[in-house]
């Protein structure tokens, strides 16, 4: 597709908007990322709160741990191969936290009387980092891309986009997409849901490069397991149909105003209880100038 750069008239609302390029001459239906697609599948009302209302959320220690660990693993590959050791990664942890805290000072409020002790939390980050070295030896790896922003426009004019933690390219051109998760691996009954994000990325890479990724790899640092999957064109065509069906459902919800909640275990981690009728809350009215159901936020890294 043909793209053109343009200077934004206002500060970007998300990391994606800092690197995304406006599509030239195409009336794009909207944009969707794996995270927001997963939100809608889990609970349409949560999708509305995040994407349309854009209600503020209080970050959890687990989510921030994911952000910090991802940053260390990204920066680790800037070092010479011989220096990519557990000890060096541990040394990078506090500086990564300090940089994040400088950008978002309110994160300090997670610790103290209302939350975990900072030292205990940092120790949990070190434990997660240590597990990474039990699963891979970064001294033997040279990723082609890290924290790669990708976007592709489907024939339906739906824009897919997101950030990929790591892309490895073998000498013969085979592509491996890698995603780090600081959570535990899912029960086998939920593996397909976990792999949806990876199939989404594989679809985008395929549309961009004309190559079906050979391997999709989820590295679960919460319990030290790796989930691998080898997709084919049929998988990615099915993923494309699913994504377009999801977008049609999102547009229908917007047209009808039917953003119904879908109670599940996800509710345990939801930040919007005071607005959710299933929790005794009150749904706020839509913003007066509600934006279209376009996914303006892309946050894939802190899993």
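Residues in region 56-93 that are at pLDDT 95 or above and touching a helix residue (DSSP H, G or I) at 6+ places or on another chain (Cβ under 7 Å): 20 in all. Within region 247-270, the set of residues being at pLDDT 90 or above, assigned to a helix (DSSP H, G or I) and surrounded by 10 or more Cβ atoms within 10 Å (Cβ to Cβ) comprises 247, 248, 249, 250, 251, 252, 253, 254, 267. Taking the conditions exactly as written (in contact with a strand residue (DSSP E or B) (Cβ under 8 Å, 6 or more places away or on another chain) and crowded, with 21+ Cβ neighbours inside 10 Å), does residue 229 satisfy them or not? For residue 229, the condition - in contact with a strand residue (DSSP E or B) (Cβ under 8 Å, 6 or more places away or on another chain) and crowded, with 21+ Cβ neighbours inside 10 Å - is not met. Quick check: is even one residue across region 130-145 more than 25 Å from the chain's Cα centre (by Cα), farther than 24 Å from residue 222 by Cβ, at pLDDT 95 or above and loosely packed, with under 13 Cβ neighbours inside 10 Å? Looking through region 130-145, none of the residues is more than 25 Å from the chain's Cα centre (by Cα), farther than 24 Å from residue 222 by Cβ, at pLDDT 95 or above and loosely packed, with under 13 Cβ neighbours inside 10 Å. Being over 26 Å from residue 152 (Cβ atoms), out of contact with any helix residue (DSSP H, G or I) (no Cβ under 8 Å at 6 or more places or on another chain) and modelled with pLDDT of 95 or more: is that true of residue 98 here? It is true that residue 98 is over 26 Å from residue 152 (Cβ atoms), out of contact with any helix residue (DSSP H, G or I) (no Cβ under 8 Å at 6 or more places or on another chain) and modelled with pLDDT of 95 or more. Residues in region 223-246 that are in contact with a helix residue (DSSP H, G or I) (Cβ under 7 Å, 6 or more places away or on another chain) and either closer than 13 Å to residue 176 by Cβ or not in a helix (DSSP H, G or I) (or both): 224, 226, 227, 229, 231.
The values are calculated or read from the model by the stated rules, or taken from the named source; none is laboratory data. Everything quoted here is computed from the prediction, not taken from an experiment. Cβ atoms come from the backbone with ideal geometry, glycine included; neighbour counts cover every protein chain shown.
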